[in-house]
Amino acid sequence: MYYKISSLILNTGKHQNGSREVFIAQPDAIKEGLAGKLFLLAEIDGKKNDAKKVIDFIIERLDDFYYNDEKIFLQDKIEGLSLDNIFEAALAKLNKALLEFISLEKISLRAEDTNLVLGLVFDNKLLFSNFGRNKAFLIYKRQDDYELVNVEASAAEADNQPENNGPVSPKFFSSVISGEIPASSYFLFCNEALPEYLSNHDLINIITKLPPMVAAEQIKSSLARLNSYVPFLGIIVKNTFGLSLAELKEDGGGDVLQSAHNSISHLNYTEKKTEQMLASAGLINWQNVNKMWKKVKNRGFKSSLSLPAKDGGQNIKKLPSLRPSKTLAAASLIKEKIAFGRSRSRLAGVSKTIGATIINLFNPSFWQKFARNFKVWLNSLHPRNKLMFALLLFAFLILSASLTISSINNRRQANIEYFNNLISTLETKKSMIDSYLLYNNQEGAKTLIGESLAAIDALPVKGEEQISRRDQLRAQIEAQKAQVQKLTTVESPDLLVDFRNYNASAEARNIILSGEKLYAADSAAKAVYTFDLKEKNTASFLLNGDFNALDKPVSEAGAIYYLSGNRLTSLDVDSGKTATLNLDGVGADNKVTAFQFYRSNLYLMMADQNQVYKLSKNTNGFGSKVARLNGEAYLGDAVDMAVNGDIIFLKSNGQIQDYYNGELKDLSLASVDPSLDSASLLKIFNDQLFIMDKASQRILIFDKEGALLKQFRFPALNNLKDFTATSDGKTIYILDNDAIYSISI
């Protein structure tokens, strides 16, 4: 036969719609010698089951209509009868039967979804009919190079037939292209996708340099790396007519390689040739290095190491000659025994040698003996061989250094590329975060920020440049995180006054703003320090009276009220006089947790009683205690209270409870990041909730619906005690240790 044929099929099982198949007939030797070999390349989109039925029907009937035609055996007896006529007749029968099958099965095929190539190769002649967008390329030798021609496109231009869309026309195979394949040329049938992923140059190199079967595998390997989803189909036909015997051997052809031994040798040869063609440039061939070393050792070193005998070779004993055994059977038996014993002794010897070598590596005397022997061997060398050895050793050192430096540079370059790819991915995520923030997608931004920061922490960095890029990117994403958190970090708040400069033993406990002055109570010294915001000066009041604490200050009607146990102490800000107020209905055993004024009425929170009492003002103080919470309430974990018409409690876990007219409202604070786990103070300014979290050094601001507006963090302050703000909530004053700081919102 003057041809070789191989199929290529890849990724056809990954598609849900339609069916794809490459079929090459396998007739017996007699039929193939008379009628050649049929092949089919089919790609039909649509319903998978319907497409599969059509392809299976074509394959089944194709063999029957062609190979079972009796005219095949009458070619020499009927004048004018050729395989072209038989093939065209088979196509006509197939076309009719296929249309009947489609009609009977009610299968709808569209022309734009149907691609079929049906062909016949016989000796060096090729006949095929194409329906659809499949490609047919001829690769032939032109001068010293190969050229690729699209035969199917040229034939279509010659016919000048318009392409029809919609339902398939009555004839699937309306024309047949036939001709001889040029000597030493190739034919490639493929679907439309294959030449879009491999260039003509790549196709020519692979198909012309490898046997068809190996070329098909190489194309599959290349396409699998490029795209793992697009289906690829192909049939490679090689015309071996005109090839020399050596080329046939190299390509896997010829009748001379029929024995088992020659077949194995041929496979090894093909493997080596393929390995040579596919090997990367610059790769070291260790087999060639090993051959060179053996050649040098046999020619130079062996002769140098062979020391002459002292007696001139006269006492060298000759080995006794071995006589052949009397019978072939006896010789075979002896040979088997020798081989069996040799294999066992060889294995034991190898094991012993390996063990001894490992032990000697840690034996100093071994290295001393090795050095002496090496010195003796080196001195015995001819000067020319010494020079060759020195040059070889020098070349080896240069090669080792070169390989080491190259390996280090490759690893460094790979690390840089890997790092750059990770940074590029993170920068893409940073851009996505910006878009999420632009469209107020807070949850999506939070998710990406968390992933990005975790990836940054896991970045493998080497060198100052990579560390700088990582830190810069982390700072940018941290800024985005702060934007999502609505968090402002105040590194250096404005210092207004440090009362330790006024009184070295000052122990300010809290602050309150009244008029243009800030008041800081020091219950241990029974004093209240003042700071005039306008005049920027400091003064103090020394207090007289019976009180043991000055807690939770509240400004009301020109006076400041402090909680002292279960009583209230008032301070007149003009005169500095203090007074203890009577609270009707509040006994010595009662505990007041917090208090507030609203519309001249006093509200007392008694957490141990889970109740808030309203007291009206009278001439002696406050009386007429009235409970303000209806039903059951639990205030055991409440740490502070604010009143603005509603009564709002702050819990230690950062949540609030809001009561209106004694009834609990459905109101809670939005979740914040970082979480609010140690809330301590609650105040209301400009109808907004201000909460201090001493543990995390933060002040958070929520609107009346519980949504987070802003949060401020003060990493430079380490002992937050209290805060207050202007009535419009634009300026916040913070007491840290004994100093007051301010920030503007």
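The values are calculated or read from the model by the stated rules, or taken from the named source; none is laboratory data. Since we're looking at a predicted model, the values are computed, not measured. Quick reminder, even Gly has a Cβ in these numbers, built from the backbone with ideal geometry, and neighbours come from all protein chains shown.
From the set of residues in the range 470-497 that are more than 16 Å from Gln711 (Cβ to Cβ) and over 28 Å from the mean Cα position of the chain (by Cα), which is modelled with the lowest pLDDT?
Among them, the one singled out is Ser492.
Which is in a helix (DSSP H, G or I), closer than 21 Å to Cys190 by Cα, in the same structural domain as Glu217 (by TED's automatic domain parsing) and hydrophobic (A, V, I, L, M, F, W, C), of Ala89, Ala97, Ala42, Ala51?
Residue meeting the stated conditions: Ala51.
Can you confirm whether the range 460-469 contains a residue that is within 19 Å of the chain's Cα centre (by Cα), surrounded by 13 or more Cβ atoms within 10 Å (Cβ to Cβ) and either more than 29 Å from Ala670 (Cα to Cα) or not acidic (Asp, Glu) (or both)?
Yes - at least one qualifying residue is present in the range 460-469.
Restricting to the range 408-442, count the residues that are farther than 25 Å from Arg469 by Cα and modelled with pLDDT of 90 or more.
Of the residues in the range 408-442, 0 are farther than 25 Å from Arg469 by Cα and modelled with pLDDT of 90 or more.
Residue by residue through the range 202-228, note down the ones that are of a type in the set (D, E, K, R) and more than 14 Å from Leu10 (Cα to Cα).
Correct list: Asp202, Lys209.
May I ask you to say which residue of Gly18, Gly36, Gly13 is closer than 26 Å to Leu226 by Cβ and in contact with a strand residue (DSSP E or B) (Cβ under 6 Å, 6 or more places away or on another chain)?
Gly18
Out of (1) crowded, with 16+ Cβ neighbours inside 10 Å; (2) over 30 Å from Leu676 (Cα atoms), what's the single condition that is false for Leu473?
(2)
Given (1) surrounded by 17 or more Cβ atoms within 10 Å (Cβ to Cβ); (2) of a type in the set (A, V, I, L, M); (3) not in a helix (DSSP H, G or I), identify the lone condition not met by Leu81.
(1)
Select from the range 628-676 the residues that are closer than 17 Å to Ala594 by Cβ, among the aliphatic types (A, V, I, L, M) and assigned to a strand (DSSP E or B) and list them in ascending order.
Passing the criteria: Ala638, Val639, Met641, Ala642, Val643, Ile647, Ile648, Leu650, Ile656.
I'm checking my understanding of the structure. Among residues of the range 479-513 that are in a helix (DSSP H, G or I) and not hydrophobic (A, V, I, L, M, F, W, C), which one is surrounded by the fewest Cβ atoms within 10 Å (Cβ to Cβ)? Outline the logic, then answer.
Keep residues of the range 479-513 that are in a helix (DSSP H, G or I), which gives 479-485.
Adding the requirement that they be not hydrophobic (A, V, I, L, M, F, W, C) leaves 480-481, 483, 485.
Working: Gln480: 20, Lys481: 19, Gln483: 16, Gln485: 18.
Restricting to residues being in a helix (DSSP H, G or I) and not hydrophobic (A, V, I, L, M, F, W, C), the top hit is Gln483.
Being of a type in the set (Ser, Thr, Tyr), closer than 30 Å to Glu516 by Cβ and in the same structural domain as Met641 (by TED's automatic domain parsing) narrows it down to one of Thr593, Thr569, Thr619, so name that one.
Thr569
Can you tell me which residue in the range 5-37 is farthest from the chain's Cα centre (by Cα), limited to those that are under 17 Å from Thr114 (Cα atoms) and among the polar types (S, T, N, Q)?
Looking at residues that are under 17 Å from Thr114 (Cα atoms) and among the polar types (S, T, N, Q), I get Ser19.
Being among the aliphatic types (A, V, I, L, M), in a helix (DSSP H, G or I) and touching a strand residue (DSSP E or B) at 6+ places or on another chain (Cβ under 7 Å) is the filter here, so list the residues in the range 209-234 that pass it.
The answer is Met213, Ala215, Ala216, Ile219, Leu223, Ala224.
Using the structure shown, decide if Ser680 is in a strand (DSSP E or B), surrounded by fewer than 16 Cβ atoms within 10 Å (Cβ to Cβ) and either touching a residue at least 24 places away in the same chain (Cβ under 8 Å) or in contact with a helix residue (DSSP H, G or I) (Cβ under 8 Å, 6 or more places away or on another chain) (or both).
No.
Is there any pair with a first residue in the range 59-71 that is free of Cβ contacts under 8 Å to residues at least 24 places away in the same chain and farther than 11 Å from Lys93 by Cβ and a second that is of a type outside the set (D, E, K, R) and part of a helix (DSSP H, G or I) whose Cβ atoms are under 7 Å apart and which are 6 or more apart or on different chains, and what are they?
Lys71/Ile86
Quick one: Arg20 ticks every box in (1) in contact with a Pro (Cβ under 9 Å, 6 or more places away or on another chain); (2) part of a helix (DSSP H, G or I) except a single one, so which number is it?
(2)
Restricting the search to the range 547-575, which residues are touching a residue at least 40 places away in the same chain (Cβ under 8 Å) and not in a strand (DSSP E or B)?
Answer for the range 547-575, where residues must be touching a residue at least 40 places away in the same chain (Cβ under 8 Å) and not in a strand (DSSP E or B): Leu550, Ala557, Gly558, Val573.
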